[in-house]
Structure formats: C-alpha cells, structure tokens
Amino acid sequence: LAKNLGLRYFHCLGLACESQTVAGGFLNNTARYNDGSLPSPLDQVYWQRVILDRVDRVLKLLQDRKKFALDAIIIDPEMYALNDALPGEPDYGKFAFELFLSESGTRKPSEEFVNWEARKTWLEEQGLSSQYVQWQFDAIKKMGHQLRTLIDRYDPNLIVGYIIYENRMWFNAIAAGLATKEMPVFVGVESTYSGVMDASMIALFKKIKK
C-alpha cells in the first residue's frame, strides 16, 4: 500500500512491546537487568531473537523493492509489556556481572552477593566501576553495529534508528553502534507529538495534509 501511494515506510519493531515478544526472548533464558524482570541490555540471546532475527525476516520479505516500500528500520525501546520500562543505565545483575568477569579476566570474588547493589559496591571498592561501565557501553555499541551490518547487507541506504531518547547509557551506546560516517542514526523524540489524539494532534495532521 505504501509503495502504491508513494509513501515513505518506516518499519518499527518493539524491544518488548508485546508479551509474545518477551516470552520468545526469555525462553530458556534467565539474563535479567539488575536481577529483575527486564531483559539485560547485554543479553545477546534476547537481542538476536527479538531484534536481529525479526529484522532479518522483514528484510527478506521486502526484498522486492518494486513491490514494497521500505525506507527505515526503527526500534521502539519502550517496553509496554514490562510496565512501559525503558533500557537505561549499567546492569549489575548476575548475568552481566559474571560476563564482565569472564571477558575482562577479572578474578571472581569469593563472596556471594545478595543483590545487584552489592555487586556495584564491590566494583567500586575494586576500582573497576569505570571499566565496567565502559565495557557495557562497548558491548551495547557492538550489538547496534550488528544490526547496522545486517541491514547493510540488504540496503546500506536504509535509515536505522529508534524512537524516544533519554540521556542514558543504552540510548547513547546503541546510537554509536547504529551510526556510520555515511549514514547517521535516526532518533525520533517523543516531544514532537502529544501521545494522544487531542486538538493539537488534529491541528498537526491538518497542517501536514496541506
């Protein structure tokens, strides 16, 4: 329809918009942000299932550019199925912490930590806080780059990005991974619309229509 009408089509995929999406990402997968209910931003399994695999299917379906319009791949990071949460600051959950120890070659502490706050305190006491945060930034950036690389195999001119922006580690790291010198990342901020169909939205639609 978009192709027939000459419209630009931005395909949007949610990080955790629907319960089915979350269930698929969490299947036999216990990695959680700060040992809670949100996916760990470092979880390659969740990223592969929920973002990379789904994007790959979309790109395969829309390869016939004479028939289909496709101008962008956009991620919606607002996790509606998980109380509208957003990804954000460093993860000190068991999964992320143990992954850091393994990849950095840091000796595993002898004590067992009762919660994520205790792990954060231990990292501070060991002088590892900055290294830990940078490691997470680089890991998330790499995940963003994986998506950009996948899309480039189909069409390097496709716009890639996400909607909603907050000055948190995940948003900045994923943007760094998605952007290239030739193609900057698209960031759609929510301040451009009210979120509800009110008088201001109706006025905006009328203005666009003109």
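Got a sec? Charge dipole of the chain, +1 on Cβ for Lys and Arg, -1 for Asp and Glu; which of PRO156, ILE140, PHE95 is way out at the positive end? Of the options given, the answer is PRO156. When the charge dipole of the chain is built from unit charges on Cβ atoms (+1 for Lys and Arg, -1 for Asp and Glu) and taken about the Cα centre, the candidate among LEU5, TYR33, ILE51 whose Cα reaches farthest toward its positive end is LEU5.
Under a model in which nothing but the beta-carbon of Lys, Arg (+1) and Asp, Glu (-1) is charged, the chain shows a dipole of about 1260 debye around its Cα centre.
DSSP finds beta bridges in the chain, and of those with both partners inside it, around 15 percent are antiparallel.
Ignoring ligands, DNA and RNA, what percent of the accessible area of the stretch 62-200 is carbon or sulfur (1.4 Å)? For the stretch 62-200, the apolar C and S fraction of the accessible surface comes to 51 percent. Springs between Cα atoms under 10 Å define the GNM used for the chain, and in it the highest mean-square fluctuation of LEU128, LEU86, LEU42 occurs at LEU128.
For the chain, adding -39500 (n - 2.57) for each run of n ≥ 4 DSSP H residues and dividing by the number of residues yields -13000 deg cm²/dmol at 222 nm. Segment ILE164..ASP138, full-extension length gain: 7.3 nm, with 0.36 nm per residue of separation and the alpha-carbon distance subtracted.
The values are calculated or read from the model by the stated rules, or taken from the named source; none is laboratory data. Just so it is clear, the model here is predicted, and its values are computed rather than measured. Backbone-built Cβ (ideal geometry, glycine too); neighbour counts: all protein chains shown. Note: areas computed on protein heavy atoms with side chains; ligands, DNA, RNA excluded. Shrake-Rupley method; radii C 1.70, N 1.55, O 1.52, S 1.80 Å.
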